[in-house]
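Data first, discussion second: the structure below is written as structure tokens.
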Amino acid sequence: MTEQDLTNISAEESVIGAIMVTASKAMPILIDIECNVDWFFSPSLREIWKICVELHDAKRPIDALVVADLAVKKDCSPGVVQAVEDCTNAHMAIAHLEYYADIIKDLAHKRLQKSIIHKHLNELSGERSAIDISNSLRYEIENIKYETIKTKTDDEILEIIRARYKAGNESGFVGIPSRWLALQNKLGGYKRGKVCLLAARPSIGKTTVACNEARYMAEQGYKVGFISLETDEEEIYETMAAEKARVNLFKMYKGELKAGELHKFDEAVQQVIKLPIYISDKSMDIRHLINWIYYMADKKKLDVIIIDYIQIISDSPKSKTKNMREKISHCSKEIFKATRDNNVATILLSQISRGGEAPPNIKDDERWKFTPKLHHLKESGALEEDAYQAILLYNDPDDGMAKGRATISFIFDVAKNKKGPTGFIKMIYKKEEQRIEDKIYA
């Protein structure tokens, strides 16, 4: 099949003809549906469309004589002037414009799909792996903008606002609930279509927080996608089971659990494995990760996606980013877009740089001066910009030296919360059970 098989010159001529005869009506319609030069296969009609857009932007009149005259002045080929006449003769009623525009748009997308598929077919005989080719193909195909973004009507906006008010009135929150009442009261729920950033310095407990949240949400009936780029799938389930059964996970690793504890743990493992939590523990580049989100959000109807964590997302083989900061910024934008497109709540884990850490000999009453801030986010300010909510995790400075202790006082610092309160919450972190509890409700 050639590209000419994926064209309809008559439809293209009808669209241009409508502009030549009734530009004042045709151009606003075509601009509104985001018609562009790639919709036209004919080189002559592509030139005419460019001239029409130029005239429209300059607020100059558009008709066959003006377009033909400008084509001559621009030294376009004689075929362009002839095409203006042919299109004018081919014009149809303005009521049919969107019908013909839809035809040429669909064919343009098919030509682009064919080009992408053909490029990847040629790579089958090369050194790229089948998985890499598949991920690249899916990513490029899904990145084609097929539909024009539709503006919501007044009634649709009113219905959405009323639905949120109803949810807030009935449940006390709008979005996906947190398992911790104190945090839930601050956030009002993780919001669909929004990214919540969960950030901590290395080895502080962000994965434990994510596992605690995932298990709770799933037990409430929400479907959770969990992209774990650092921790194996079985470790995720072990963490959830230990927290659920309140069993010492370190004793389990050392074979020191009593028979009753081991039974509780085994039952908890069986229960968490059956929860609607869909875990991927494979290394991914950003293309693969975004494809996974789109695919799983559609196939499993996910409510929440947890990504652990952004700094170790592999760079795309064809990435144009030059350094880590650019890579993180690119990944953040892609995740933000996928979150909105799929209307899921995303909890994005991130590392915080060690900059600003308290020196070893710091006085107890000065430890608060060295708690993490949003500007300590590792490698990128785009994370703060893209996040709707941001929670910083760190050991409670009032708790002194927490190193080596199994139970410590822990801080959830809601540093960013659009349309909601910020501030810190004191928690209890029971490391042996991989469990975090509300301090005031424990």
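Considering only segment 2-52, state which residues are small (G, A, S) and more than 30 Å from I117 (Cα to Cα).
G17, A18, A23, S24, A26 - these are the residues of segment 2-52 that are small (G, A, S) and more than 30 Å from I117 (Cα to Cα).
Have a look at K274, K282, K254 and point out the one that is closer than 30 Å to N143 by Cβ, loosely packed, with under 14 Cβ neighbours inside 10 Å and out of contact with any strand residue (DSSP E or B) (no Cβ under 7 Å at 6 or more places or on another chain).
Criteria check complete, one pass: K282.
Looking at (1) at pLDDT below 90; (2) in contact with a strand residue (DSSP E or B) (Cβ under 8 Å, 6 or more places away or on another chain); (3) surrounded by 18 or more Cβ atoms within 10 Å (Cβ to Cβ); (4) not aromatic (F, W, Y), which is the one condition that is false for G225?
(1)
When you look at M27, is it under 36 Å from the mean Cα position of the chain (by Cα), modelled with pLDDT of 90 or more and more than 12 Å from A90 (Cβ to Cβ), yes or no?
It is true that M27 is under 36 Å from the mean Cα position of the chain (by Cα), modelled with pLDDT of 90 or more and more than 12 Å from A90 (Cβ to Cβ).
Show the residue pairs that are 6+ apart or on different chains and have beta-carbon atoms under 7 Å apart, the first residue being within segment 113-141 and outside the structural domain of M284 (by TED's automatic domain parsing) and over 16 Å from S283 (Cβ atoms), the second being part of a helix (DSSP H, G or I) and small (G, A, S).
These pairs meet every condition: H120/S136.
I'd like the full set of residues that are crowded, with 18+ Cβ neighbours inside 10 Å, touching a helix residue (DSSP H, G or I) at 6+ places or on another chain (Cβ under 6 Å), over 16 Å from C211 (Cα atoms) and in contact (Cβ under 8 Å) with a residue 60 or more places away in the chain, limited to segment 408-440.
Correct list: V414, I425.
Quick one: count up the residues across segment 190-222 that are of a type outside the set (S, T, N, Q) and either out of contact with any strand residue (DSSP E or B) (no Cβ under 7 Å at 6 or more places or on another chain) or within 16 Å of D438 (Cβ to Cβ) (or both).
The number of residues fulfilling the criteria is 9.
Which ones in segment 107-144 are within 19 Å of T7 (Cα to Cα) and loosely packed, with under 14 Cβ neighbours inside 10 Å?
S115, I117, H118, I144 - these are the residues of segment 107-144 that are within 19 Å of T7 (Cα to Cα) and loosely packed, with under 14 Cβ neighbours inside 10 Å.
Can you tell me how many residues in segment 30-55 are under 16 Å from I94 (Cβ atoms) and crowded, with 18+ Cβ neighbours inside 10 Å?
Qualifying residue count, segment 30-55: 3.
Per-residue answers, yes or no, for (1) modelled with pLDDT under 75; (2) in contact with a His (Cβ under 8 Å, 6 or more places away or on another chain); (3) closer than 23 Å to G193 by Cα:
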{"residue": "K337", "(1), (2), (3)": "no, no, yes"}
{"residue": "I352", "(1), (2), (3)": "no, yes, no"}
{"residue": "D364", "(1), (2), (3)": "yes, no, no"}
{"residue": "T371", "(1), (2), (3)": "no, no, no"}
{"residue": "L377", "(1), (2), (3)": "no, no, yes"}
{"residue": "Y388", "(1), (2), (3)": "no, no, yes"}
{"residue": "G404", "(1), (2), (3)": "yes, no, no"}
{"residue": "D438", "(1), (2), (3)": "no, no, no"}
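Give me a count of the residues in segment 239-269 that are among the polar types (S, T, N, Q) and either touching a Pro at 6+ places or on another chain (Cβ under 6 Å) or more than 13 Å from C211 (Cβ to Cβ) (or both).
Count: 1.
Taking the condition surrounded by fewer than 21 Cβ atoms within 10 Å (Cβ to Cβ) and either in contact (Cβ under 8 Å) with a residue 12 or more places away in the chain or outside the structural domain of G193 (by TED's automatic domain parsing) (or both), does D266 pass?
For D266, the condition - surrounded by fewer than 21 Cβ atoms within 10 Å (Cβ to Cβ) and either in contact (Cβ under 8 Å) with a residue 12 or more places away in the chain or outside the structural domain of G193 (by TED's automatic domain parsing) (or both) - is not met.
Regarding I204, is this residue modelled with pLDDT under 90, out of contact with any Gly (no Cβ under 9 Å at 6 or more places or on another chain), closer than 19 Å to Y429 by Cβ and among the aliphatic types (A, V, I, L, M)?
Answer is yes for this residue.
If you go through segment 55-65, how many residues are free of Cβ contacts under 8 Å to residues at least 12 places away in the same chain and either within 13 Å of I16 (Cβ to Cβ) or in a helix (DSSP H, G or I) (or both)?
Residues that pass the stated criteria total 2.
Where the second residue is modelled with pLDDT under 90 and the first is hydroxyl-bearing (S, T, Y) and lies in segment 231-242, which pairs have Cβ atoms under 9 Å and are six or more apart or on separate chains?
Close Cβ pairs (under 9 Å, with a partner that is modelled with pLDDT under 90) amount to T231/D281; T231/D308; T239/T231; T239/L249; T239/Q434.
Report yes if V67 is surrounded by 15 or more Cβ atoms within 10 Å (Cβ to Cβ), β-branched (V, I, T) and within 15 Å of L30 (Cβ to Cβ), otherwise no.
yes
For segment 254-296: of the residues being among the aromatic types (F, W, Y), within 23 Å of Y222 (Cβ to Cβ) and out of contact with any Asp or Glu (no Cβ under 8 Å at 6 or more places or on another chain), which is modelled with the lowest pLDDT?
Looking at residues that are among the aromatic types (F, W, Y), within 23 Å of Y222 (Cβ to Cβ) and out of contact with any Asp or Glu (no Cβ under 8 Å at 6 or more places or on another chain), I get Y295.
Please specify each residue of segment 71-106 satisfying the condition of being closer than 14 Å to I29 by Cβ and aliphatic (A, V, I, L, M).
Matches in segment 71-106: M92, A93, I94, A95, L97, A101, I104.
The values are calculated or read from the model by the stated rules, or taken from the named source; none is laboratory data. Source: prediction; values computed, not measured. Ideal geometry is used to build each Cβ from the backbone, glycine not excepted, and the neighbour counts take in all protein chains shown.
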